[in-house]
Amino acid sequence: MSAPHKSENRPMRIGLIGAGWVTQHHLAGWSKHANRARVVSIADPNQEQAQSRASAFGIDQLFESAEKMLAHGGLDAVDIASPRETHADLVRMVARHGLPVLCQKPLAPTYQEACALVAQTKGMTRLMVHENWRFRPYYRQISKWLNEHRIGPVVQAQMTLLTSGLIENQQGRYPTIDRQPFMASLNRALVMEILIHHIDTLRFLLGDMHLVHARLGHSCKAMTGEDRASLIFEASSGATVSLLSNLRVWGEPEAKPDELLLIGETGTIRLSGDTLSSHGNAAEQLKYDMPACYSESYAATIGHFLDALEADSAFETNPEDNLQTLRLVEEIYAFGSNV
């Protein structure tokens, strides 16, 4: 499908579907590209929340539903940032209007539903998955080092996400749930909501992977779904990849950046805290402002969406690529026992 028409005298007009927690980051990201695109309308049945977002980011039009926003017209593209169970129907709706779509991950609650969605909308719209983790500056730097053969072929990789966010604090609260309350009621929680990012990033860095082992667990009484995971993959290159996560680890902070270790034949790359380092023939150390990187990843994802629309080129996180991440997520739930 060709790039959408855009007047040379104005930015693209974007409609945002959703006004929940994540949309503050979407809107901040769009604001970084104000000369190229502007969110002009927002649709959400919670009009109080929608009004709050509109006031904070100067959005002109509010709608109670996506149907009303699309019927009003005047849009060049749509950003879907609503709950995951609504994504598939909304993508279909926007596709029927022929508008390009940036859809928050996941495309659908299950791999099978996502496959059906991709097949049904193919050729109807330009669709990109908003998978922002891989756009964080330090992961882009790691990719650059790997492409430069900084450490030779990777033979082992280990990624960890360990926090105390689901340990009850002195106020009787759970920090992870306070930050994102919807997490508490998800049947598919840690893997589908959080580790899907890490799996996608590992695929971005190391290529396609297949699942070797998965073990899921559930301990937090305030959570419906899993809160720990032990996963092992094998990359197409033959590298063994371990992903370990637990949100109930005493001695860890409530929130913590990812830890990543890549062991190559001629060197090592390590991400720990705010420090990225390479060891071997080309030793180097870089420091990052981690909160800034979080924000920058949204802006970079949106920037890529706009770049590809303007150039009529492929999206990095196109539906076909994202299905490979969702396939692994689905296999993890089938393989792992939730105990």
Residue hits (the stretch 95-116; in contact (Cβ under 8 Å) with a residue 60 or more places away in the chain and of a type outside the set (Gly, Ala, Ser)) are LEU99, PRO100, LEU102, GLN104, LYS105, PRO106, LEU107, PRO109, THR110, TYR111, GLN112, CYS115
Sole miss for ALA314 among (1) touching a helix residue (DSSP H, G or I) at 6+ places or on another chain (Cβ under 7 Å); (2) under 26 Å from TRP145 (Cα atoms); (3) touching a residue at least 12 places away in the same chain (Cβ under 8 Å) is condition (3)
Among residues of the stretch 234-259 being more than 19 Å from LEU211 (Cβ to Cβ) and in contact with a helix residue (DSSP H, G or I) (Cβ under 8 Å, 6 or more places away or on another chain), the residue surrounded by the most Cβ atoms within 10 Å (Cβ to Cβ) is LEU247
Result of the Cβ filter at 9 Å on the stretch 35-47, keeping first residues that are closer than 14 Å to ILE17 by Cβ and partners that are hydroxyl-bearing (Ser, Thr, Tyr) and modelled with pLDDT of 95 or more, at least 6 apart or interchain, is VAL39/SER31; ILE42/THR23; ALA43/SER65; ALA43/SER82; ASP44/THR23; ASP44/SER65; ASP44/SER82; PRO45/SER65
Across (1) over 20 Å from GLU316 (Cβ atoms); (2) at pLDDT 95 or above; (3) of a type outside the set (Val, Ile, Thr), GLY172 clears everything bar (2)
Counting only residues in the stretch 260-312 that are charged (D, E, K, R) and part of a strand (DSSP E or B), the one nearest to LEU206 (Cα to Cα) is identified as ARG270
Sole miss for GLY267 among (1) under 29 Å from VAL118 (Cα atoms); (2) of a type in the set (Gly, Ala, Ser); (3) touching a residue at least 12 places away in the same chain (Cβ under 8 Å) is condition (1)
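The values are calculated or read from the model by the stated rules, or taken from the named source; none is laboratory data. Not measured: the values here are computed from a predicted model. Virtual Cβ from ideal backbone geometry, glycine too; neighbours counted across all protein chains shown.
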